[in-house]
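The values are calculated or read from the model by the stated rules, or taken from the named source; none is laboratory data. The shown structure was predicted, so the numbers you read here are calculated from the model rather than taken from an experiment. Neighbour counts are summed over all protein chains in view; Cβ atoms, including those assigned to glycine, are modelled from backbone coordinates with ideal geometry. What goes into the accessible areas is simple: the full protein's heavy atoms, side chains included, and nothing from ligands, DNA or RNA. Shrake-Rupley method; radii C 1.70, N 1.55, O 1.52, S 1.80 Å.
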There are 2 protein chains.
Amino acid sequence: MTIIVDSIWYHEKYHFTYFSRTTLDNPAAASDLLASILALSDFHPRLPAQRRLYEAAKEAIHKQQLTAGAKLPSSRDLAKNLAVARNTVIAAYEQLMAEGFVTGARGSGTYVAHLPQLGHGAASAPAVAQQVAPAVAPLSQRGARVGAAAAGPRFEIEPFAPGDADFSSFPIKLWQSLQNRVWREMHSELLDYSDNGGYLPLRQAITAYLRLSRSVKVNVEQVIITAGTQQSLNLCAHLLADVGETVWVEDPGYWAAQRVFQAADLAVHPVPIDKDGLAPRDSDLETRPRLMYVTPSHQYPTGAVMSLARRLQLLDIAARQQAWVLEDDYDSEFRYTGRPLASLQGLDNENRVVYIGTFSKVLYPGIKVGYMVLPPVLVEAFRSAQYDLHRPGQLMVQAALAEFISEGHFASHLRKIRQTYGARREALKRTLEKHLGSKTSITISSEESGLHLVVELPDHVDDVALSKLAAESGIRVNALSTYYLSPPVRRGLLVGYAYVTLEKISYYGKLLASIIESAER
Amino acid sequence: MTIIVDSIWYHEKYHFTYFSRTTLDNPAAASDLLASILALSDFHPRLPAQRRLYEAAKEAIHKQQLTAGAKLPSSRDLAKNLAVARNTVIAAYEQLMAEGFVTGARGSGTYVAHLPQLGHGAASAPAVAQQVAPAVAPLSQRGARVGAAAAGPRFEIEPFAPGDADFSSFPIKLWQSLQNRVWREMHSELLDYSDNGGYLPLRQAITAYLRLSRSVKVNVEQVIITAGTQQSLNLCAHLLADVGETVWVEDPGYWAAQRVFQAADLAVHPVPIDKDGLAPRDSDLETRPRLMYVTPSHQYPTGAVMSLARRLQLLDIAARQQAWVLEDDYDSEFRYTGRPLASLQGLDNENRVVYIGTFSKVLYPGIKVGYMVLPPVLVEAFRSAQYDLHRPGQLMVQAALAEFISEGHFASHLRKIRQTYGARREALKRTLEKHLGSKTSITISSEESGLHLVVELPDHVDDVALSKLAAESGIRVNALSTYYLSPPVRRGLLVGYAYVTLEKISYYGKLLASIIESAER
């Protein structure tokens, strides 16, 4: 066996190491080299023999221990040397040949191929890419904006974390039986992609629900099922606005919507929120908005309900500016007194509103089924773009959901969780008022809807520090000030009650009140 | 009752109509007006009484039949006039009040509110938005690019439509029992969003599979579960490249990937494909690529396998230019002879490759589960951005899939469909060769992989016309020339065999051959 140590090889990224080369005409040396690699106990110990041999040869070629043109041992000789079946060697050689590492035909011998990037300088290597470009950051600028780890906190199931609903009340057995039914009865096209805006019976059920409960003006053709609100917003941001165009967002407002607009390279323009919802100033119109993102039924996070005057004003701006209003009706189902407020979309006679809804809050977050009601002029482009950009699917889930709604389970589930949440809301409010009621500087939001309360605090209280303090006691509350994009910020805490049981509410509510009191002093 | 016809009102968008106004101090007139609206048989006939009254009042206010400041009848009087329960009227009034259409408190009377946009000119109306902006197109420019209805044909289950796998062979009963198991045993956090790159056991199963079968260098932390390849590409396009930066795509290539890059405002730069895969020219490097999108295992649509020399060249360009390679390994599972070819990612020592895979082809399209293997430096940003931009979910499906793989069903399903498709491929090839074999101007692709064959035709054949001709006989084949972004185009037909049964293949294959022959003559 001839081994020539003749060079230093730049190994992997950071390690220099000596290596040995086989001479071109020495199959026996190549055989021993492969045997020595395979003898290493940590060399892919769990792979089958054929695969280990293939990996060993590839590694030796990569490291130029087996150089271009080197003749490999015959399959018979190598099998003998390695004490494996000859077919194992033949299979490994065939794989190496298929992938271009070795050349040759059976009978005429097997040779290491000429591979340009390994310094073999084969004539077949195209000559491009000799220049080295200057270094760049791994992420794009927009990637750095949206991919920053400092993004909003992720939902967690801890007492008082706002935003999430209590999906433990979801009727799992019933859902399972509906799922089984659609899988049993199923038409195989439900396994395919969805190319017409979603499963028709579900779109019909949503149409009926929105007409009756949300006063949305809608025909079934206008409804497109999406994989949730983020996908709905993503489509709107890309299809309705170009790079650099302006989107109005509520300030304070919903983080994740802002991220979608940022990723779509829109100019995010904050418009203040007051007790009547979005309150645009003359200065806000200096740049023409292309999109206006609002949560009129229950503003996130303040809970404000947009007044009728403001709704009409917003629609008027949209009509004059030919802007699109994106109405995110994310939790309008949770109104505890009276009927849910009518949608903004239902007031619009100019077809400027895209109505966006979701089943994440009412059923369970991971279901990933949402919907949009589009102005008729947009329907065809949105269907086509959704198909090309997202390849929608999950028709089996949509079919189960359609049955869930049409059999009345949706309405009764909604009634049930509305009662549950309403009671929890009352209990939380009562507890907080009992312990904080004497403080005139503290206001507890009174809107009878949604999944969280806002405890407003005086300006001198550091609500971020307060939320950290609460976290130390196992209470997760978000600071109101962190939802603002521009000053002045209001101070306060978002307190979610949806999945805290009544028994825990009085305990944790009292604890939270004492923490707030200590900070406010 | 006093009704004054005093004006013409611009009604809805296109209709002029007379209307009547109540005087401000005439509750009886208002009562009669509401009664007359409700008497219309087509006025929301199916809504409950309370809701109909609410709608009637809203309509009258909108049309200014009830003007600002007009006093409404007492609930007792109106209930009597309409012959409904008094509670019905009270509930409707409360809803109107909650939404701002009327004002007042019980006892002091109910009045129509001052609403600026209805011309009431209330002082509370902000003065913004008086200017009218010039008209704009409904879609953004990028929306028009990607939303055009002329987008690629949607997959259909007809003989020879390329791209889709035969999901009718998916083991539905087994899948159902796995689903039931995870729903029965379930931990409620599987109903929540997924915030750590996906369900850990599924990521582990994918890691093991990719290491063994695809020679991917991967640790479980690098794997992120996505809602399919389009979501994977969407994240890469936004996080790794900025507006106007260049992405290399294969020419001819995969439409839907190009749409994602277009929607992300990247400059799509076509690079030619030859029999060894991507063949970059010196001129292609004049603009620095930020991304390079390739399908090395089985180029879509030509079927070319990228040679080792080209793979190393591409990795070299990526390292020098600090570009990212997006390796879409969409159907590498379907290799009918030997082991699947190793991935490009496995050759890369510089961590410039994002490996992208999917379960859509192997299981069923609508499952919407795909994955990415990311270079370590990108993992945290991608996880964070995926959470914010897409709110991933479907953990129950992921859990069922993890069991499907770890119990060996995935491997056996793969073996089974590989055999099925291999046999169908052989039958199609044999049929076409038998009937077209004498034509030296026609080549049938010989690559033993994928889900379709390419029948290459001479330049004078109009392959688009030919595919239309075939469609008239119920055969769906795509014209090769339509996959090109720039000349010169090659002519041919993509013939999918994956879901055509053996019996049908000889019939349709012969028919297709005769159609091709007639056109080629």
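For the reader, a short list of remarks on this structure follows.
- Taking the criterion of being over 10 Å from A:Ser297 (Cα atoms) and modelled with pLDDT of 95 or more, the residues of segment A:324-344 that qualify are A:Trp324, A:Val325, A:Leu326.
Results for (1) open to solvent by less than 10 Å² (accessible area, probe 1.4 Å); (2) without any contact (Cβ under 8 Å) to a residue 40 or more places away in the chain; (3) within 7 Å of chain B (Cβ to nearest Cβ); (4) out of contact with any helix residue (DSSP H, G or I) (no Cβ under 7 Å at 6 or more places or on another chain), shown as yes or no for each residue.
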{"position": "A:Gly357", "(1), (2), (3), (4)": "yes, no, no, yes"}
{"position": "A:Pro365", "(1), (2), (3), (4)": "yes, no, yes, no"}
{"position": "A:Val369", "(1), (2), (3), (4)": "yes, no, no, no"}
{"position": "A:Val379", "(1), (2), (3), (4)": "no, no, no, no"}
{"position": "A:Gln386", "(1), (2), (3), (4)": "yes, no, no, no"}
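- Count of segment A:433-471 residues, restricted to those that are touching a helix residue (DSSP H, G or I) at 6+ places or on another chain (Cβ under 7 Å), part of a helix (DSSP H, G or I) and not hydrophobic (A, V, I, L, M, F, W, C), is 2.
- Restricting segment B:169-188 to residues that are touching a residue at least 60 places away in the same chain (Cβ under 8 Å) and closer than 11 Å to B:Met396 by Cα leaves a set whose member that is nearest to the chain's Cα centre (by Cα) is B:Gln179.
- Being surrounded by fewer than 19 Cβ atoms within 10 Å (Cβ to Cβ) and assigned to a strand (DSSP E or B) holds for only one residue in A:Pro201, A:Pro270, and it is A:Pro270.
- Taking segment A:33-45 as the range and being without any contact (Cβ under 8 Å) to a residue 12 or more places away in the chain, in contact with a Lys or Arg (Cβ under 9 Å, 6 or more places away or on another chain) and either assigned to a helix (DSSP H, G or I) or surrounded by fewer than 10 Cβ atoms within 10 Å (Cβ to Cβ) (or both) as the test, only A:Pro45 passes.
- Candidates B:Arg311, B:Arg320: the one that is farther than 30 Å from B:Phe167 by Cα, of a type in the set (Lys, Arg), open to solvent by 30 Å² or more (accessible area, probe 1.4 Å) and not in a loop (DSSP other than H, G, I, E, B) is B:Arg320.
- Looking only at segment B:428-470, and only at residues there that are open to solvent by 10 Å² or more (accessible area, probe 1.4 Å) and among the acidic types (Asp, Glu), the one that is farthest from B:Thr501 (Cα to Cα): B:Asp459
- Hey, B:Ala381 in the same structural domain as B:Met292 (by TED's automatic domain parsing), over 19 Å from the mean Cα position of the chain (by Cα) and modelled with pLDDT under 95 or not: yes
- All positions within segment A:258-284 that are within 21 Å of B:Ala241 (Cα to Cα) and hydrophobic (A, V, I, L, M, F, W, C): A:Val260, A:Phe261, A:Ala263, A:Ala264, A:Leu266, A:Ala267, A:Val268
- Given (1) open to solvent by 20 Å² or more (accessible area, probe 1.4 Å); (2) modelled with pLDDT of 55 or more, index of the condition B:Ala125 fails: (2)
- All conditions but one from (1) at pLDDT 80 or above; (2) open to solvent by less than 50 Å² (accessible area, probe 1.4 Å); (3) not acidic (Asp, Glu) apply to B:Lys173; the one that does not is (2).
- Matching residues, segment B:46-60, being part of a helix (DSSP H, G or I) and either farther than 14 Å from B:Leu82 by Cα or open to solvent by 20 Å² or more (accessible area, probe 1.4 Å) (or both): B:Ala49, B:Gln50, B:Arg52, B:Glu55, B:Lys58, B:Glu59, B:Ala60
- Residue match in segment B:280-302 (condition: open to solvent by less than 20 Å² (accessible area, probe 1.4 Å), without any contact (Cβ under 8 Å) to a residue 60 or more places away in the chain, part of a loop (DSSP other than H, G, I, E, B) and at the interface with chain A (Cβ under 8 Å from one of its Cβ atoms)): yes
- Segment B:206-242: number of residues that are facing chain A (nearest Cβ under 9 Å) and among the hydroxyl-bearing types (Ser, Thr, Tyr): 2
- Index of the failed condition, A:Lys361 passing every other in (1) within 11 Å of another protein chain (Cβ to nearest Cβ); (2) within 21 Å of the chain's Cα centre (by Cα): (1)
- Counting residues in segment B:208-228 that are part of a helix (DSSP H, G or I), more than 29 Å from B:Lys416 (Cα to Cα) and touching a residue at least 40 places away in the same chain (Cβ under 8 Å) gives one or more.
- Of all residues assigned to segment B:494-510, at least one qualifies as being without any contact (Cβ under 8 Å) to a residue 12 or more places away in the chain and more than 23 Å from B:Ser332 (Cα to Cα).
- Single residue of segment A:489-511 satisfying the filter (modelled with pLDDT under 90 and among the charged types (D, E, K, R)) that is least open to solvent (accessible area, probe 1.4 Å): A:Lys504
- Flag if A:Val260 is open to solvent by less than 30 Å² (accessible area, probe 1.4 Å) and in a helix (DSSP H, G or I): yes
- Being within 24 Å of B:Ala98 (Cα to Cα) and within 10 Å of chain B (Cβ to nearest Cβ) is a property that does not hold for A:Ala319.
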